[in-house]
Every structure is written in structure tokens, then in C-alpha cells.
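Take a look at the structure set out below.
The values are calculated or read from the model by the stated rules, or taken from the named source; none is laboratory data. For clarity, every value in this text was computed on a predicted model and none was experimentally measured. As a convention, Cβ positions derive from the backbone with ideal geometry for all residues, glycine included, and neighbour counts pool all protein chains shown. The protein model used for the area step is the full one, side chains on, heavy atoms only, and it has no ligands, DNA or RNA in it. Shrake-Rupley method; radii C 1.70, N 1.55, O 1.52, S 1.80 Å.
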Amino acid sequence: AVDSQDRVYAYRRASIPVVVYDADGAFVSAWGSDFIADAHGIFITGDDRVFLVDRDAHEIFECTVDGTIVRRFGSRHRPEFGAPFNHPTDVAVATDGDIYVTDGYGNSLVNRFDAGGALIRSWGGAGSGLGTFTVPHAVCIDHHDRVLVADRENDRIQVFDRGGIYLTEWPSFYHPMDLYVDDRGLIFVTDQTPSLSLLSTDGSLLGRCKPVWIGGHGIWGKSNGDLFLAELDPPRITKMTRVD
């Protein structure tokens with residue numbers, strides 16, 4: 001993820017899970033070894049609150065940019081079936097502060113919390129029908145205030161309103177991994193083809209390419225439109241420069 005200063009946060013399954021770089025790849029800082037067990041999703045709000053998914057510990061952390069824990073969600077090392085959390089995968093924060101968590105490998109749910117951390121609703125369930133999931137792997141809120149969910153093993157993006165009401169789905173992906181909405185409202189999707197797809201706001205395919213070897217497990221952009229892809233094998237960050 002990228003903060004308001006265009007610093008890039010690589011969230012790693014390593015002894016030091018969070019490594020921060022400047023926009024050109026120079027090391028800035030590292031933290032998180034004292035509380036993260038299994039790194040998965042990361043989200044940074046516009047006011048630089050860092051949300052981290054600790055997948056196999058079944059927790060979500062909210063931190064400052066220097067790694068100070070502000071609050072945490074979930075019961076550490078105690079998975080819940082049908083309730084938060086059971087191997088969660090990703091987190092996104094809406095502009096009003098509501099928090100959305102895809103949950104994930106054990107559950108097949110999206111959980112919505114209010115800005116204070118109270119659970120509002122969970123929706124989904126295991127399956128391949130409308131509004132159900134098989135590994136909801138990533139979540140984001142688009143410019144139309146819709147909740148986009150990468151329903152990975154069902155090879156689709158499902159679209160909901162903020163309350164969890166199903167709106168539509170966008171197929172034709174192979175195991176979509178992550179989502180990012182840029183300043184224009186356009187939507188980027190990484191999958192395991194491996195490909196990077198650019199979608200319009202109605203889900204129409206505007207472009208597709210294969211920018212990395214295996215596929216981006218994570219994607220985020222900086223203020224000028226550049227993209228950063230997080231790869232698993234080889235473990236690296238690839239920067240793509242937007243050309244308008």
C-alpha cells in the first residue's frame with residue numbers, strides 16, 4: 001500500500017513484516033515483528049492509518065505509520081466459524097470510516113464494521129451463487145460507493161452496495177487476487193493468469209497485460225498514477241509508470 005507521502009509499504013511473510021520504502025525504492029523503515037504472525041492484506045487510509053490483516057492469527061490491526069498499534073479486531077489464534085474472523089484476507093476503509101474485511105479462507109464472508117469498530121453486518125456464505133463466495137480474497141470501495149469483492153475461486157468480481165446487497169458480478173478472471181481503484185475511478189484487477197486488467201466503472205474491460213512473471217498478489221497506486229505490484233515469487237515490488 002502507499003501512504004499520503006507516496007511511501008510504499010511492503011507487507012511480507014517474513015521476520016520483519018512491514019518494510020517501508022520511498023517512491024523510488026529506497027529503504028525508509030521496518031516494523032511489525034513483535035505482533036504480526038502471518039501477513040496478508042494491507043490498507044492505508046487517506047489520513048495515514050495503516051490496517052493490517054494477520055491471516056492465520058485471525059486479527060486485524062490498525063496502526064500508525066511508525067507501527068504503533070492503535071486498536072485490533074478479532075480474537076488472536078481463535079478462529080470463529082460464521083463470525084469474525086476465520087483466516088481473513090483483506091481490509092478496506094470507506095470514506096465515512098466504515099471498515100470492510102474479507103473473511104476469507106475459513107469463512108466465506110464480508111464483515112462490515114462501523115468507524116468505532118462495532119460489527120454492523122456479515123454477508124455471504126460458502127458457494128458459487130449470487131452473493132456467496134469461495135475464498136473472498138480482496139475488497140475495495142469504488143468511487144460509486146460500491147463494495148467490490150475478488151471472489152477468487154469463483155473467478156469473478158462481485159459488486160455490492162455498502163449494505164451488502166448484491167448488485168452484479170464481473171466474470172472472465174482467473175483467480176482474481178487484488179483490486180485497486182485509481183484517481184479516475186478506473187479499477188485494476190490482478191489475477192493468476194497472470195494478468196493485470198483495467199476496467200471501467202461498469203466493469204467493461206478497457207485493457208489487459210502481463211506485467212509480471214507470476215501475478216500481483218497485491219496492488220496499489222501513488223498520487224501520480226504509478227502502480228506498484230507485490231509479487232510472491234520472486235518476492236519483489238514492481239513499479240509501473242502511468243503514461244497518459
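Suppose R0 equals 22 Å; then what is the FRET efficiency for ARG12 and ASN224 from their Cβ-Cβ distance, rounded to the nearest 0.05?
Efficiency, rounded to the nearest 0.05: 0.30.
Shape verdict for region 1-102, please, from the Cα gyration tensor: rounded (a/c under 1.5), prolate (a/b greater than b/c) or oblate.
oblate
Tabulate in residue order the Karplus-calculated ³J(HN,Hα) for region 57-66, using 6.51 cos²θ - 1.76 cosθ + 1.60 with θ = phi - 60°, rounded to whole Hz; enter x for Gly and Pro.
Once θ is set to phi - 60°, the couplings for region 57-66 become 9, 6, 9, 10, 10, 10, 10, 7, 5, 9 Hz.
Any idea of ASP183's accessible area? Nearest 10 Å², probe 1.4 Å.
100
Could you tell me the distance between the Cα centroids of region 174-244 and region 3-33, to the nearest Å?
About 19 Å separates the Cα centre of region 174-244 from the one of region 3-33.
Under a 1.4 Å probe, what is the accessible area of region 160-244 per residue, stated in Å²?
Heavy-atom accessible area per residue stands at 48 Å².
Could you please state how large a percent of the accessible area of the chain is carbon and sulfur, counting protein chains only and using a 1.4 Å probe?
The value for the chain is 51 percent carbon and sulfur by accessible area.
Between region 132-151 and region 78-125, how far is it from one alpha carbon centroid to the other, in angstrom?
If you average the Cα positions of each part, the centres end up 12 Å apart.
Taking a ≥ b ≥ c as the square roots of the Cα gyration tensor eigenvalues, with a/c under 1.5 meaning rounded and otherwise prolate when a/b beats b/c, else oblate, which class fits the chain?
rounded
Solvent-accessible area of ILE165, probe 1.4 Å, all protein chains present, reported in Å² to the nearest ten, please.
100
At a Förster radius of 41 Å, what calculated FRET efficiency corresponds to the Cβ-Cβ distance of ALA37 and ARG146, to the nearest 0.05?
The calculated FRET efficiency here is 0.80.
In nm, to one decimal, how far is the ASP202 label point from the SER75 one, both placed 7 Å along Cα→Cβ?
Using points 7 Å along Cα→Cβ, the separation is 4.7 nm.
How large is the accessible surface of PHE173 in square angstrom, using a 1.4 angstrom probe and rounding to the nearest 10?
So the heavy atoms of PHE173 present about 20 Å² to solvent.
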